[in-house]
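Data block below; observations after.
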Amino acid sequence: MKRKSKGHITLSELKASTVAGLNAAVIRELEQPVKKKANMPLPGEKCHQAQWMWGQLAAWSLHTGIRVVDELRFSPSRRFRFDFAIPDHKIGIEYEGLMSEKSGHTTLAGYTKDTEKYNLATAEGWRVIRFTVNNYKTVIAELEKLVAG
């Protein structure tokens, strides 16, 4: 699929791509309304922004041939997982759900656990890029900078 400009890939572009058949599950997931309970994702579900990021990363993966995975346990020493990762480039991608009432990122214990996770990842040679509700749509542009450099 040839993109007109750098940035995110729209659902219609994804559907029209030559690899749409390979990406049918992601397309179906993106077409479904986001299930919410009191404006919150259900347990085990990613929020709308993380779902959007996963769709963009899946399309980028098909476009570039670089494997992207979700929920990667990156270290045998701890049970930490990256939201998304590019294992072959040792890049972890995190969406920080700071706006959620149930977010562990907003407590001292949760924030401390996140610092332990990122410090362990760095010590093991991973580069981690982090996003919030304000900048999650830049995931592909930021990722392309890391992969190119």
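What follows is calculated from the coordinates using simple rules that are stated; it is not laboratory data. Small disclaimer: the values here were computed from a predicted structure and weren't measured. Cβ coordinates were reconstructed from backbone atoms using ideal geometry, including for glycine residues, and neighbour counts include every protein chain displayed.
Quick look at the values:
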read-out: Extension gain (nm, one decimal) between residue 63 and residue 112, 0.36 nm per residue minus Cα-Cα; value: 14.0 nm
read-out: FRET E, pair residue 133, residue 88, Förster distance 25 Å, beta-carbon r, rounded to 0.05; value: 0.30
read-out: DSSP beta bridge pairing in segment 47-149, given as percent antiparallel to the nearest 5; value: 60 percent
read-out: J(HN,Hα) series, segment 117-134, from Karplus relation 6.51 cos²θ - 1.76 cosθ + 1.60, nearest Hz, glycine and proline x; value: 4, 5, 5, 5, 4, 4, 4, 8, x, 8, 9, 10, 10, 10, 9, 10, 4, 7
